[in-house]
Amino acid sequence: MQKAIFLDRDGVLINDAGRYYIYKTDDIIINNGVIDALKRLTNMGFLLVVISNQGGVAKQIYTKEDVEKIHSELKRQFKIEGIDIKEYYYCPHHSDVEKCLCRKPEPILIEKALARFNIDPNKSFMIGDNKRDIDAGKKVGLSCIKIKPNQNLLDVLPHINT
Ligand SMILES: [Mg+2]
Ligand SMILES: [Zn+2]
């Protein structure tokens with residue numbers, strides 16, 4: 001089985017200070033430490049998977065195409081650095097609009113990845129800046145690390161044991 005790092009997107013990979021929804025590629029600011037931390041985690045043998053709530057789709061603030069564009073641009077920027085995020089899973093729903101089973105703190109998107117990539121949750125981690133991220137990870141037995149929004153991602157490395 002493989003081991004993985006599950007990453008929240010906004011507030012962890014992308015700087016979301018002062019803006020709740022990020023849906024324009026020009027607004028992508030990669031947080032400090034992200035590139036180095038993801039390289040090191042890759043070298044430690046972890047798969048990288050993004051798990052993101054994108055309730056702005058349900059609220060019609062932006063579209064799924066906007067979300068896909070953000071993910072394509074992230075892929076492009078990470079590829080230059082030799083970083084490969086296996087998949088970008090996101091929930092486009094919002095409980096204000098329609099209930100769903102995939103929005104964090106529900107763990108279904110994580111479960112999908114566990115099955116698809118044959119990941120052992122006992123050797124895997126969730127990194128998020130919100131209680132929802134941590135609650136989702138705990139439900140499937142991941143070790144969970146809560147950071148402050150937009151905290152330097154290198155700070156998590158001492159907490160990741162292999
Ligand atoms: Mg977040
Ligand atoms: Zn959903």
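The values are calculated or read from the model by the stated rules, or taken from the named source; none is laboratory data. Keep in mind it's a predicted model, so treat the numbers as computed, not measured. Cβ placement follows ideal geometry from the backbone for every residue including glycine, while neighbour counts extend to all protein chains displayed.
Okay, residues lined up against (1) of a type in the set (A, V, I, L, M, F, W, C); (2) within 29 Å of ILE160 (Cα to Cα); (3) modelled with pLDDT under 95; (4) in contact with a His (Cβ under 6 Å, 6 or more places away or on another chain):
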{"residue": "VAL12", "(1), (2), (3), (4)": "yes, yes, no, no"}
{"residue": "ILE29", "(1), (2), (3), (4)": "yes, yes, no, no"}
{"residue": "LEU48", "(1), (2), (3), (4)": "yes, yes, no, no"}
{"residue": "ILE61", "(1), (2), (3), (4)": "yes, no, no, no"}
{"residue": "ILE80", "(1), (2), (3), (4)": "yes, yes, no, no"}
{"residue": "LYS99", "(1), (2), (3), (4)": "no, no, yes, no"}
{"residue": "ILE108", "(1), (2), (3), (4)": "yes, yes, no, no"}
{"residue": "LYS112", "(1), (2), (3), (4)": "no, yes, no, no"}
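All but one of (1) over 22 Å from PRO158 (Cα atoms); (2) surrounded by 15 or more Cβ atoms within 10 Å (Cβ to Cβ); (3) among the hydrophobic types (A, V, I, L, M, F, W, C) hold for PHE46; which doesn't?
Condition (1) is where PHE46 drops out.
Scan region 43-77 residue by residue and report those that are under 16 Å from LYS24 (Cβ atoms), among the small types (Gly, Ala, Ser) and part of a loop (DSSP other than H, G, I, E, B).
Within region 43-77, GLY56 is the sole residue that qualifies.
What's the total number of residues in region 1-21 that are under 19 Å from GLU68 (Cβ atoms) and either part of a strand (DSSP E or B) or more than 10 Å from ligand 1 (Cβ to nearest atom) (or both)?
Result for region 1-21: 4.
Criterion first (of a type in the set (D, E, K, R), in a loop (DSSP other than H, G, I, E, B) and without any contact (Cβ under 8 Å) to a residue 24 or more places away in the chain) does LYS112 satisfy it?
Working: of a type in the set (D, E, K, R): yes; in a loop (DSSP other than H, G, I, E, B): no; without any contact (Cβ under 8 Å) to a residue 24 or more places away in the chain: yes.
In short, no.
Assuming GLY82 fulfils every condition listed in (1) out of contact with any Leu (no Cβ under 7 Å at 6 or more places or on another chain); (2) surrounded by 14 or more Cβ atoms within 10 Å (Cβ to Cβ) apart from one, which condition is it?
Only one criterion in (1) out of contact with any Leu (no Cβ under 7 Å at 6 or more places or on another chain); (2) surrounded by 14 or more Cβ atoms within 10 Å (Cβ to Cβ) is unmet by GLY82, namely (2).
Out of all the residues in region 123-137, is one or more surrounded by 14 or more Cβ atoms within 10 Å (Cβ to Cβ), over 18 Å from LEU13 (Cβ atoms) and touching a residue at least 24 places away in the same chain (Cβ under 8 Å)?
Here is the first cut: in region 123-137, the residues surrounded by 14 or more Cβ atoms within 10 Å (Cβ to Cβ) are 123-130, 132-137.
This time we only want the ones that are over 18 Å from LEU13 (Cβ atoms), so: 123, 135.
So of that shortlist, the ones also touching a residue at least 24 places away in the same chain (Cβ under 8 Å) come out as 123, 135.
Yes, because at least one residue in region 123-137 is surrounded by 14 or more Cβ atoms within 10 Å (Cβ to Cβ), over 18 Å from LEU13 (Cβ atoms) and touching a residue at least 24 places away in the same chain (Cβ under 8 Å).
Please indicate, with yes or no, whether at least one residue in region 78-88 is in contact with an Asp or Glu (Cβ under 9 Å, 6 or more places away or on another chain), in a helix (DSSP H, G or I) and either more than 15 Å from ligand 2 (Cβ to nearest atom) or within 23 Å of ILE134 (Cβ to Cβ) (or both).
Taking every residue of region 78-88 in turn, at least one turns out to be in contact with an Asp or Glu (Cβ under 9 Å, 6 or more places away or on another chain), in a helix (DSSP H, G or I) and either more than 15 Å from ligand 2 (Cβ to nearest atom) or within 23 Å of ILE134 (Cβ to Cβ) (or both).
Of everything in region 53-77, what is of a type in the set (D, E, K, R) and either surrounded by 15 or more Cβ atoms within 10 Å (Cβ to Cβ) or more than 15 Å from ligand 2 (Cβ to nearest atom) (or both)? Give them in sequence order. First the steps, then the outcome.
We begin by selecting, within region 53-77, every residue of a type in the set (D, E, K, R); these are 59, 64-66, 68-69, 73, 75-76.
GLU65, ASP66, GLU68, LYS69, GLU73, LYS75, ARG76 - these are the residues of region 53-77 that are of a type in the set (D, E, K, R) and either surrounded by 15 or more Cβ atoms within 10 Å (Cβ to Cβ) or more than 15 Å from ligand 2 (Cβ to nearest atom) (or both).
Quick one: how many residues across region 106-149 are within 16 Å of ligand 2 (Cβ to nearest atom), under 15 Å from the mean Cα position of the chain (by Cα) and not small (Gly, Ala, Ser)?
The total comes to 11.
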